[in-house]
1. If only one of VAL118, VAL145, VAL188 is closer than 30 Å to ARG241 by Cβ and in a helix (DSSP H, G or I), which one is it?
2. Taking segment 1-42 on its own, how many of its residues are under 30 Å from THR180 (Cα atoms), assigned to a strand (DSSP E or B) and without any contact (Cβ under 8 Å) to a residue 60 or more places away in the chain?
3. Given the criteria in contact (Cβ under 8 Å) with a residue 40 or more places away in the chain and under 24 Å from SER94 (Cα atoms), does VAL188 qualify?
4. Having 3 or more residues that are closer than 14 Å to GLY45 by Cβ is the bar; report the strands (runs of 3 or more DSSP E) wholly within segment 58-102 that clear it.
5. Given the residues ALA168, ALA201, which is the only one that is under 18 Å from VAL228 (Cα atoms) and surrounded by 17 or more Cβ atoms within 10 Å (Cβ to Cβ)?
6. Of the residues that make up segment 2-19, is at least one farther than 30 Å from LEU129 by Cα and crowded, with 16+ Cβ neighbours inside 10 Å?
7. What are the pairs with Cβ atoms under 7 angstrom where one residue, in segment 234-256, is closer than 17 Å to PRO99 by Cα and the other, located anywhere, is assigned to a helix (DSSP H, G or I) and of a type in the set (Ser, Thr, Tyr)? Sequence gap at least six, or different chains.
Amino acid sequence: MKVGDEWRPVTFPFQYSITEMTTLVFRTEISYPAGDAMILTGLKGQAVRIDLDGNSVIALGDLEAPTANIWNKTFIVPLPEEGSPSSEMEIQLSSASFPISISIPPYTIDKKSAALRVMWIDFIYNDILLTSVGAALLIGLLLIVLSLIRRRTFSAEIYFGLASVMGAIETFDFQFRVSTGTLGDFLVIKKILMIAGYLAAFLFMVGMEKYFQDRLRVSKYLAAPSIVSVFIVLIQPDLIRLSQTLTYLNMVTLIDLVGAVYFIFKDAGKKNWLVLPAIWLILGLLEILAVQIFHFSWPYVMAYIILLSTILFGVNLLIEFNQVFLEKEDLEKRIDIDTLTTAYNRNVLGKASKNQYNVLILMDLDNFKSYNDRHGHQKGDRILVQFAEIVKNNLRQNDLVVRYGGDEFLVLLSDIGIIDAERVADRIRKEFEELTIEDHLSVSYGIEKIVQSINSDLTKADRLMYAMKQAKRERKI
């Protein structure tokens, strides 16, 4: 390896910390049989150029103004078909911010195996990561929207949602790219992505605190260091100074993750699914410690930690939200349902509108009170249940039957004319009277088109229903 004018031997894994924009040159002699290719992976820097016997075979980014991202990129170096007993390979790696490193030395294998291996490496380091980013963004946005719908502005869901979105944004820093614009553009984007990462860790910890309803309020002690972290990132004038703040910033993130792990293990016995995010968070702690103690990092590890932890919690929260929603929906239905007949009760009328229904039928059982008095409430209840079943069997899916009073039922019909509504009412009347022919029960009804509102037009239907009752009495006389 050449640093300045000095050549030094290199052992792998290799990492070189920088204090200014630096280009390192690595040179080695290689031999390879015919049909082989070289795999170069585990590079970290912002620009790379690879020469073989003086000829450029790979060049990404600008060595003079490095703004590429080759952290997770695996390269297949094309080699001459005839093979070579001795060739000189030169690798130039440049960085304007973070350490330059090569974690795995270059190696040669046959081209078919090389292509397959690179496909799998890219799948693990890039494809899964991109899929996780998409999942984290989707889950985060869903949690935020659901929290706003439920008007739970400061709930665990919204904090996990924000953490998931911020984590997804921060993870774009680990994606391979040939350029990030000028060095000035790169600095601005780097700051945004770093701030998103630190906010993700803090918001995740706050979400844990809210989720477990912990009263220690650890977040209030970590809010100030997190705000200071954001401020420190914002005021850095260049990429080198920005990278030099990592020790403090990583310690703040470490404390956030320790807080999250504390909450998990504190309540792990109650929720078994917490084991997986706990493992990922512990790996995150170990990765940060490795950076601080051994000065060596695996950048994609932290990306996976943030994404998979927020995804696991996000999915669980969505499942819990769905359960709560279904329970609430079931409760609301039970509140609106008449327990005897399973028809709706009058509560549902507050939710119905003339835009949903255009015709109403008010139905009443004739002489039901006297029948109830003679035969008892048990038989009377059976009659009401039978009548409600007949009504429901004659309605469409979008129609509604409401037990309006003791033996009064209101039917709301959608997209129907008065003549067809009369046919429905008469069909119900005939079926009921045939069923109760021995009990001498009958039905009276009034039909009205809904013009103003259900309540106002219900009065008109009520008058028509009692007119029908009166006509029946007069016929008997």
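The values are calculated or read from the model by the stated rules, or taken from the named source; none is laboratory data. Nothing here was measured: the structure is a model prediction, and the numbers come from that model. Cβ sites come from the backbone with ideal geometry, for glycine too, and all protein chains shown count toward neighbours.
1. VAL188
2. The qualifying residues number 2.
3. The answer is no for VAL188.
4. The qualifying strands (runs of 3 or more DSSP E) are 84-95, 100-102.
5. Residue meeting the stated conditions: ALA201.
6. No, segment 2-19 contains no residue that is farther than 30 Å from LEU129 by Cα and crowded, with 16+ Cβ neighbours inside 10 Å.
7. Listed pairs, sorted by first residue: LEU249/TYR198; LEU249/SER229.
One line per residue, one yes/no per condition, for (1) closer than 18 Å to ASN345 by Cα; (2) of a type in the set (Ser, Thr, Tyr); (3) surrounded by fewer than 19 Cβ atoms within 10 Å (Cβ to Cβ):
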| residue | (1), (2), (3) |
| --- | --- |
| GLU389 | yes, no, yes |
| TYR404 | yes, yes, no |
| LEU410 | yes, no, no |
| SER414 | no, yes, yes |
| ARG427 | no, no, yes |
| GLU433 | no, no, yes |
| ILE447 | no, no, no |
| ARG473 | no, no, yes |
